[in-house]
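Report on one structure; see the data block that follows.
The values are calculated or read from the model by the stated rules, or taken from the named source; none is laboratory data. A quick note: this is a predicted structure, and the numbers were derived from the prediction, not measured. Here the Cβ positions follow ideal geometry from the backbone for every residue, glycine too, while neighbour counts run over all protein chains shown. Calculation scope for accessible area: heavy atoms of the full protein, side chains included, ligands and nucleic acids excluded. Shrake-Rupley method; radii C 1.70, N 1.55, O 1.52, S 1.80 Å.
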Amino acid sequence: MENKTITLILDEDTINKMISFYTDNAVENKNEYVLNQFKLEKVTITIYTSKKVVFQGENASYEASIWDNSLLETETTKEKETKKDNKSDWKYHKDHIGSDEVGTGDYFGPLCVCASYVKASDLPFLEELGVDDSKKLNDEKIKKIAPRILAKIPYSQVSLDPKKYNALIKQGYNQAKIKAMLHNQVIHNLREKLNKRAVLTIMDQFLSEARYYEYVKFSPYIEGQIKFETKAESKYPAVAVASIIARYSFLTKMDKLSNEIGKDIPKGAGKEVDEFAKELVNEYGIDKLNDIAKVHFANTKKIEEE
Ligand code: MG
């Protein structure tokens, strides 16, 4: 494959975002003119003290386009035309926070909850990425656009791996309580990070408001002033973004688990999942489920009964 090199000059703010974005991929570089270097699977990124940033490797164009929107591949005319037909249903166009979660109906994998802060000025960027049309957002599309969103939009995200999730269920929590506590946590973290409290905050509703506050009442901080709304991801861009980030995190973790096992782990909780769980138990024993599955789901009983 082609070994491309792309050089950008970026501002300090973007460089700081890059440094935290790629922190897990940092490698040592002793060159005194190099501020940071990151090695990803198909691209090496070098940030120089002069603010010059060099992307080198097969994925250079893609990775560079995350940081410089002018490099974004423009959509084909056909894609644009289809988009016109499904004009955004967003009913809120001002600055706001939104939260949503992913993984609640998936037997395997973590529970991921995210809150994001979208400003009115971010809307054209999000529309350009197709965030306004959730029908088009399959997993492949999410993997493609999420890195760009992560680089631009402030957010707070937690993902609870199955082991910790199962431990909480064992302690007597139900899933709604776990979700409530994580929503409370990400909204708190994001509000702290933004140092902004008086921003409209929308939660994609999964239980009554009264029950929600009942569940979070023993948290060290209780975030109030939240608007609860169902199907909020199609009305509020920040909820849509939170859902995409949570999904991206879920998919990344599922890919990692699949790599460890050497097989693609199915999503959801249907027949395919039952089959897969059976094979898994045959190979690794029943205890393996506690590490990678939400064991209170009915799927576990079905396996134990066999
Ligand atoms: Mg939701």
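Overview of values
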quantity: Other-chain or far-sequence residues with amide H under 5 Å of residue 40's (modelled H); calculated: 45
quantity: 15 Å tail of the calculated P(r), the stretch 258-306, as % of Cα pairs; calculated: 36
quantity: Long pairs among 163/235; 4/51; 94/267, criterion Cα-Cα beyond 25 Å; calculated: 163/235; 94/267
quantity: Distance between the stretch 1-20 and the stretch 146-206 - C-alpha centres, whole angstrom; calculated: 29
quantity: For the chain, convex hull of alpha carbons as volume per residue, Å³; calculated: 173
quantity: Residue-normalised accessible area of the chain, expressed per residue, 1.4 Å probe, Å²; calculated: 53
quantity: Largest to smallest accessible area among 222, 47 [probe 1.4 Å]; calculated: 222, 47
quantity: For residue 107, residues with placed amide H under 5 Å, excluding near neighbours; calculated: 268, 269
quantity: Spacing of the two label points (7 Å from each Cα toward its C-beta) at residue 89 and residue 119, in nm; calculated: 2.9
quantity: Span-like helix ranges in the chain, DSSP H, alpha carbon extent 27 angstrom or more, Kyte mean at least -1.0; calculated: 175-194, 237-261
quantity: Long-range amide H partners of residue 227 with built H, under 5 Å; calculated: 201, 202, 203
quantity: Helix-derived mean residue ellipticity, 222 nm - over the chain, DSSP H n ≥ 4, -39500 (n - 2.57), to 500; calculated: -13500 deg cm²/dmol
